[in-house]
Amino acid sequence: RAIGGIVNAVTNSGTNAMSGSGYGYFRDTSLNSQDALSKQRGAPKSELQRQLYGGPLGGPILRDRTFFFGAVERLQEDTPQDNNITAENGQILGLPAEDVGAVTGTLRDTFAMGKVNHRLSQNHSLQLGYVMTKDVNASTFSSFATRSRRSRLSSTDQAYQAQWTG
């Protein structure tokens with residue numbers, strides 16, 4: 001009767017065969033419908049772009065002894081966020097045309113990880129790992145927000161790991 005969970009993730013390692021793959025997801029404005037506020041004002045369809053791509057790669061460094069594995073993923077997204085400001089109200093307020101209607105929010109996320117496993121002996125092994133996540137986000141989260149009023153968040157997280165098993 002409690003909310004919670006445990007996640008256990010294990011990445012690939014320890015193969016003498018080089019292997020990898022790649023993937024991609026691409027979406028653009030032609031696949032989207034127009035949002036209700038822009039349609040009501042008679043504004044053109046807002047631009048939306050989304051690209052997600054990446055892949056893993058792994059293999060041997062020293063056959064039967066030292067192995068590597070790495071993966072990378074990149075997300076790039078440009079999302080229109082309608083601030084509900086009409087062209088007439090924008091002129092009254094003295095706003096530039098870019099601050100009227102849909103103001104594009106941007107998101108850029110990069111994830112990368114890598115590890116090396118080395119078998120020291122039949123009963124002992126060493127593993128070194130690295131993980132990095134970098135996020136850059138510029139969005140408007142409220143009505144009547146302009147480009148200069150967007151929130152801008154940028155962060156980079158890194159983690160290192162060393163593990164000896166015996």
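Run the reach check for Lys134 against aspartates and glutamates, Cα to Cα strictly under 16 Å, same-chain hits fewer than 8 apart removed. What comes back?
Glu73, Glu77, Asp109, Asp157
Going highest first, how would you order 84-90, 109-115, 28-34 by mean Cβ packing within 10 Å?
Result, highest mean first: 109-115, 84-90, 28-34.
Would you work out what percent of the accessible area of the chain, with all protein chains in place, is carbon or sulfur (probe 1.4 Å)?
Ligands and nucleic acids excluded, carbon and sulfur give 55 percent.
If r is the Cβ-Cβ distance from Ala9 to Glu88 and R0 is 35 Å, what FRET efficiency results, to the nearest 0.05?
0.05
Work out how much length Ser155 to Val136 would gain on full extension: take 0.36 nm times their residue separation and subtract the Cα-Cα distance, in nm to one decimal.
The Ser155-Val136 span can extend by a further 6.2 nm.
From the residues Leu153, Leu93, Gly59, which one has its Cα farthest along the dipole of the chain in the positive direction, the dipole being from +1 and -1 charges on Cβ of Lys/Arg and Asp/Glu about the Cα centre?
It is Gly59.
Residue by residue through segment 125-136, which ³J(HN,Hα) values in whole Hz follow from phi under the Karplus form 6.51 cos²θ - 1.76 cosθ + 1.60 (θ = phi - 60°), with glycine and proline marked x?
Values per residue, Gly and Pro as x: 9, 10, 10, 10, x, 8, 9, 9, 10, 10, 10, 10 Hz.
Given 20 °C and 1.002 mPa s, compute D for the chain with the Stokes-Einstein relation, Rh being the Kirkwood radius over Cα pairs; round to the nearest whole µm²/s.
108
Restrict the search to segment 1-110; then list the trypsin sites (Lys or Arg not before Pro) that DSSP places in a loop and that have at most 15 other Cβ atoms within 10 Å of their Cβ.
Arg1, Lys45, Arg63, Arg65
Before anything else, pin down the relative contact order of the chain: Cα pairs under 8 Å, at least 6 apart, normalised by residue count, whole percent.
Reported relative contact order: 18 percent.
The values are calculated or read from the model by the stated rules, or taken from the named source; none is laboratory data. Just so it is clear, the model here is predicted, and its values are computed rather than measured. Glycine also receives a Cβ, built like all others from the backbone with ideal geometry; neighbour counts cover every protein chain displayed. Accessible surface areas use protein heavy atoms only, side chains included; no ligands, DNA or RNA. Shrake-Rupley method; radii C 1.70, N 1.55, O 1.52, S 1.80 Å.
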